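Undergrad: Please read through the structure below; I'll follow up with questions.
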Amino acid sequence: MDDIDRSILFALIDDARLSYQQLAARVHLSSNSTADRVRRLRVSGVLAGYHAELNLAALGHPLHSLTDVKLKEAVDRHDFERDLDGVAQVLSAVHTTGELDYQLRIVSRSTDELQSVGDTLRRLGARDIQSRIVLGETNYNPARLL
């Protein structure tokens with residue numbers, strides 16, 4: 001990866017909807033050369049995808065929580081992860097080291113719904129659940145790593 005590839009990634013992080021022509025103008029290459037570089041970045045796995053960012057509060061899910069989960073000893077983590085796929089409020093599940101097994105990012109419409117999700121997690125095999133309501137979030141641009 002060279003400086004031009006980094007420039008392409010910076011531009012796509014800023015606006016992934018750029019056409020190859022617009023992207024080429026930003027990085028001072030031809031459209032064909034730019035398209036070839038983007039394809040190489042995808043094939044190499046550096047560019048993993050393009051995503052829309054949703055405003056979850058505008059979609060009716062204003063409550064965000066980080067929820068730590070310790071599984072019951074008899075629960076297989078792969079089964080738990082598969083079952084979590086059916087819980088729409090769980091946006092992500094990070095399998096971690098240490099005392100707890102997972103950190104979940106959960107969105108909900110209310111504290112009652114969050115409590116209901118907790119009940120569901122217990123049915124799926126959670127032994128201990130600790131939730132913290134997110135008051136605010138600061139996102140850092142992954143381009144800092146480039």
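The values are calculated or read from the model by the stated rules, or taken from the named source; none is laboratory data. This structure is a prediction, so every number in the text was calculated from the model and none was measured. So basically every Cβ, Gly included, is an ideal-geometry build from the backbone, and we count neighbours across all protein chains shown.
Undergrad: In the range 23-45, what count of residues is obtained for those that are surrounded by 14 or more Cβ atoms within 10 Å (Cβ to Cβ) and closer than 18 Å to A143 by Cβ?
TA: Qualifying residue count for the region: 7.
Condition check ((1) touching a Ser or Thr at 6+ places or on another chain (Cβ under 8 Å); (2) not charged (D, E, K, R)) across all residues:
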site: Q21; (1), (2): yes, yes
site: L29; (1), (2): no, yes
site: D36; (1), (2): no, no
site: R40; (1), (2): no, no
site: G49; (1), (2): no, yes
site: A52; (1), (2): no, yes
site: L56; (1), (2): no, yes
site: P62; (1), (2): no, yes
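Undergrad: Restricting the range 115-144 to residues that are more than 29 Å from L71 (Cβ to Cβ), of a type outside the set (S, T, N, Q) and under 17 Å from the mean Cα position of the chain (by Cα), which is surrounded by the fewest Cβ atoms within 10 Å (Cβ to Cβ)?
TA: Within the range 115-144, the match that is surrounded by the fewest Cβ atoms within 10 Å (Cβ to Cβ) is G136.
Undergrad: Let me ask another. What helices (runs of 4 or more DSSP H) completely inside the range 27-146 contain at least 1 residues that are farther than 30 Å from R6 by Cβ and free of Cβ contacts under 8 Å to residues at least 24 places away in the same chain? Show your work before the answer.
TA: Values: elements: 31-43, 77-84, 111-124.
Those helices (runs of 4 or more DSSP H) span 77-84, 111-124.
Undergrad: In the range 33-88, which residues are at pLDDT 95 or above and of a type in the set (S, T, N, Q)?
TA: Answer for the range 33-88, where residues must be at pLDDT 95 or above and of a type in the set (S, T, N, Q): S33, T34, S44, S65, T67.
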